[in-house]
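Student: To start, I am sharing the structure in question, which I have written as structure tokens.
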Amino acid sequence: MHYQRVKYYQTGTFTVGNRLLDESNRTVQARMDRTNSLNSGHRACQGCGEALGARYAIDAAMRAVDNQLVAVNATGCLEVFSSPYPESAWQIPWLHSLFGNAPAVASGVAAALRAKGKDHIRVVGQGGDGATVDIGFGCLSGMFERNDDVLYICYDNEAYMNTGVQRSGSTPPRAWTNTTPAVGPSPGNPMGVGKNVPRIAMAHGIPYVATASVADLHDLEAKVFKAMGIHGARYIHIHVPCPLGWKSDPAHTIKVARMAIESGLFPLFEAEYGRVTDRTSIRRKVPVERYLELQGRFAHLFGDPPDTEAIRAIQAIADANIDMYGLLSEEGQRGT
Amino acid sequence: MKQQIEGSQAIAQIVARCRPEVIAAYPISPQTHIVEALARLVKAGEIGRCQYLNVESEFAALSALIGASATGARAYTATTSQGLLFMAEAVYNAAGLGLPIVMTIANRALGAPINIWNDHSDSMALRDAGWIQFYAEDNQEAVDLHALAFRVAEELSCPAMVCVDGYVLTHAYEPVDVPEQADVDAYLPPYEPVQVLDPDDPVTIGAMVGPEAYAEVRYLMHHKHIKALEAIPRLGTELSEQFGRPSGRLVDPYRIEEADTVILALGSVNGTIKDAVDDLRDEGWPVGAVKLGVYRPFPAHALRRVVQDAKRVIVVEKDLAIGHGGIVSSEVKMALKGLPIVVETVIAGLGGRPIPKASIVRTVKAAFLEGLEEPHFLDLKWEVVNKELRRQEERRRSGPTAANILRETGPFGVRVL
């Protein structure tokens, strides 16, 4: 599945009809034979970005490897809402061990498959940002460094949602969480903290790193598909809004995710062996307020008077991303 | 055929002949020689398609094996001390998932103070994680127990630790017979998992379980250990027939006949204890010994049967339950409940302190003549302890305890007795 550049025929919309694509490029979810790897009936919240992202990602991975897939899941929302037996939503071999060890468990699965001469069966590890950015980070770095044949997917909803919205190393500046409350002279998460795991993954020199978003599911599928065509350690970081933790309307999950992209706060790019190879250009740049104001976790920035200094600082982060990845340049544009 | 060989090398050889499919390990003294030897064997292609993962921590080592074992591979690691504690969460998880991983523990003390020498603090700290725990007296037993551990673990789908005294055994050169590949193959069939990650028959492993079912799942882990009390002697007898040596005894008595007092211990100190028993018997003291070969499951009935005629059991243990006393002696007391037997606790050998025969003989005689305080600390330097206690009472800012104690005993590396 190569990524086909398509033209938008309708103006004023960001969607493109599946039927405008070549047969081979049509979205996996639109196919009759999609695997529904994460089946309906699970217990995710209304508007859950993680459930959406996981369903598209794993179905795409399944299609890419002819259904010869094993998934390893870290503890977290995705694990809890999908697995209470006998109501498992997983239609694929699926293993949950601990919060902080999913990348290592996935390495072990891959090693066992190699030992048994079953290399055609491929491995996906997955977890939220808590499991990936924080508690499982050592295991993730080890898996990258050894270049184990694992695709690890982080579903980033920017806080510990399963335990009731506490700050993670992926929580954005100024965001409210229950451990970065919106009180005091500097409410919310401090500026200038947190880590960028896609960049850290790239620093390991692994074959493939990408960011993706539930706002662009076709792009997400294509990146998973591409990743499964590569051997060695691969990493995809998917931005998945959480209506509960972001205090956003469940109906706005896709819109919120899209504003993150269009503002420059969540750049979509691909990297191979440590070098950025492609990025998704911003079609119509929006100010960060358009993203922030959709979410109650930033409500304290829009009081009377608004916290213009904080908003300006967040805009500076978005502008730096746009500059760093060339998100406004025509060259290398995809998806428009 | 017997070879004069280091314990670690012998253990690596038997593990290799058990045909592991995935080994993941992180180096820590005194486990290193075992995993170095296995890394070499894997790299040289001498263990089939076995994969060796150089992981970034013990937590990752056992986590990788959880994945490997759930994929149907025979999985092995070795660790000790801080490494075992660092993987503790995964230790419990592997047992809860019912994955028959085998792990060598090169027993070593826990910090602080950091100490790389032998005692049983590490494996005792994880005794209730759901793993079977074997304790080896010598390197021959250490070798045989690894084959037995894989067999028992895989029959029951329950992980097993083989606890081998760090340095005392791992670095000791002894004549050891490592069974030939054909004998090991005849004893240990390929691993047939009861659950496996298979795209053709997908299952969910590691599902969340609530109050409605958790107790039942945990009981079934306990039930495996009850079954292990039968399986270990049975599979041990089978091993004895294959290798021509006794193996798999839950409790192992020595000169127990008409013994008024029985000394009980785990691991390598049993050699010294047997010598002490011989000396005491020569002098006419009615003393015997019992070795616990398995600590989990705890062989309460077998122990009760063996020592029921004694008046006193002196438990010599290389651990300390801080704030309580003896770990092993507490369980021995439970096992002997209702019998007119006094159980005494001797805390010995902490952090590699030697346990000389003379100290055991002296302590046993003291137990006969005046009884022992509970617990008794073997060869504890009370004058050093009391001096430090006085210092601490005199000054609030008394400084780091370890540094103060070393000032009294002389620096690291001086004679320990």
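Student: If you take the residues in the range A:91-101 that are open to solvent by 10 Å² or more (accessible area, probe 1.4 Å) and in a loop (DSSP other than H, G, I, E, B), which one is farthest from the other protein chains (Cβ to nearest Cβ)?
Tutor: A:PHE99
Student: Considering each residue of the range B:182-201, count those that are within 27 Å of the chain's Cα centre (by Cα) and within 14 Å of another protein chain (Cβ to nearest Cβ), and give that number.
Tutor: Count: 4.
Student: On to the next question. Pick from B:ALA300, B:ALA276, B:ALA265, B:ALA231: which is closer than 29 Å to B:MET334 by Cβ, open to solvent by less than 10 Å² (accessible area, probe 1.4 Å) and out of contact with any strand residue (DSSP E or B) (no Cβ under 8 Å at 6 or more places or on another chain)?
Tutor: Testing whether each residue is closer than 29 Å to B:MET334 by Cβ, open to solvent by less than 10 Å² (accessible area, probe 1.4 Å) and out of contact with any strand residue (DSSP E or B) (no Cβ under 8 Å at 6 or more places or on another chain) leaves just B:ALA231.
Student: Follow-up question, since we're still on this one. Does B:ALA186 meet the test of being open to solvent by 30 Å² or more (accessible area, probe 1.4 Å), in a helix (DSSP H, G or I) and either without any contact (Cβ under 8 Å) to a residue 40 or more places away in the chain or within 30 Å of A:THR75 (Cα to Cα) (or both)?
Tutor: Spelling it out, it is not the case that B:ALA186 is open to solvent by 30 Å² or more (accessible area, probe 1.4 Å), in a helix (DSSP H, G or I) and either without any contact (Cβ under 8 Å) to a residue 40 or more places away in the chain or within 30 Å of A:THR75 (Cα to Cα) (or both).
Residue-wise test of (1) of a type outside the set (D, E, K, R); (2) within 24 Å of B:VAL176 (Cα to Cα); (3) without any contact (Cβ under 8 Å) to a residue 60 or more places away in the chain.
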site	(1), (2), (3)
B:PRO30	yes, yes, no
B:TYR52	yes, no, yes
B:SER63	yes, no, yes
B:ILE66	yes, no, yes
B:PHE86	yes, no, yes
B:GLY96	yes, no, no
B:THR104	yes, yes, no
B:ASN115	yes, no, no
B:SER121	yes, no, no
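Student: Given the options A:SER83, A:SER88, name the one that is within 9 Å of chain B (Cβ to nearest Cβ), at pLDDT below 95, touching a Phe, Trp or Tyr at 6+ places or on another chain (Cβ under 9 Å) and open to solvent by 10 Å² or more (accessible area, probe 1.4 Å).
Tutor: A:SER88 is the lone residue from the list that is within 9 Å of chain B (Cβ to nearest Cβ), at pLDDT below 95, touching a Phe, Trp or Tyr at 6+ places or on another chain (Cβ under 9 Å) and open to solvent by 10 Å² or more (accessible area, probe 1.4 Å).
Student: Looking at the range A:67-80, which of the residues that are at the interface with another protein chain (Cβ under 7 Å from one of its Cβ atoms) and assigned to a loop (DSSP other than H, G, I, E, B) is farthest from B:ASN93 (Cα to Cα)?
Tutor: Once the filter is applied, the top-ranked residue is A:ASN67.
Student: When you scan the range A:188-267 for helices (runs of 4 or more DSSP H) that lie fully inside it, which ones turn up with 3 or more residues that are modelled with pLDDT under 95 and open to solvent by 50 Å² or more (accessible area, probe 1.4 Å)?
Tutor: Hits in the range A:188-267: none.
Student: Only one of B:ILE116, B:ILE101, B:ILE105 is within 14 Å of another protein chain (Cβ to nearest Cβ) and β-branched (Val, Ile, Thr); which?
Tutor: Answer to the check: B:ILE101.
Student: Still on this structure, I have one more. Suppose we filter the range B:11-62 for residues that are within 12 Å of another protein chain (Cβ to nearest Cβ) and open to solvent by 50 Å² or more (accessible area, probe 1.4 Å); how many remain?
Tutor: 6
Student: Does B:ALA70 satisfy the condition of being crowded, with 24+ Cβ neighbours inside 10 Å, out of contact with any Asp or Glu (no Cβ under 9 Å at 6 or more places or on another chain) and away from every other protein chain (no Cβ under 14 Å)?
Tutor: No, not satisfied.
Student: Does any residue of the range B:245-261 turn out to be under 20 Å from B:LEU126 (Cβ atoms) and polar (S, T, N, Q)?
Tutor: Scanning the range B:245-261, I find no residue that is under 20 Å from B:LEU126 (Cβ atoms) and polar (S, T, N, Q), so the answer is no.
Student: Go through the range A:102-121 and give me each residue that's surrounded by fewer than 24 Cβ atoms within 10 Å (Cβ to Cβ), more than 7 Å from every other protein chain (Cβ to nearest Cβ) and in contact (Cβ under 8 Å) with a residue 12 or more places away in the chain.
Tutor: Within the range A:102-121, A:ASP119, A:HIS120 meet the criteria.
Student: Separate question: Name the single residue that is most open to solvent (accessible area, probe 1.4 Å) among those in the range A:145-163 being in contact with a helix residue (DSSP H, G or I) (Cβ under 6 Å, 6 or more places away or on another chain) and within 14 Å of another protein chain (Cβ to nearest Cβ).
Tutor: A:ASN162
Student: Residue by residue through the range B:1-29, note down the ones that are among the β-branched types (Val, Ile, Thr) and within 19 Å of the chain's Cα centre (by Cα).
Tutor: B:ILE11, B:ILE14, B:VAL15, B:ILE28
Student: What number of residues within the range B:130-176 are in contact with an Asp or Glu (Cβ under 9 Å, 6 or more places away or on another chain), open to solvent by 10 Å² or more (accessible area, probe 1.4 Å) and part of a strand (DSSP E or B)?
Tutor: Matching residues across the range B:130-176 total 2.
The values are calculated or read from the model by the stated rules, or taken from the named source; none is laboratory data. What you see is a predicted model; the values in this text were computed from it and never measured. Ideal geometry is used to build each Cβ from the backbone, glycine not excepted, and the neighbour counts take in all protein chains shown. Each accessible area value is taken on the protein alone, full model and side chains, heavy atoms only, with ligands, DNA and RNA left out. Shrake-Rupley method; radii C 1.70, N 1.55, O 1.52, S 1.80 Å.
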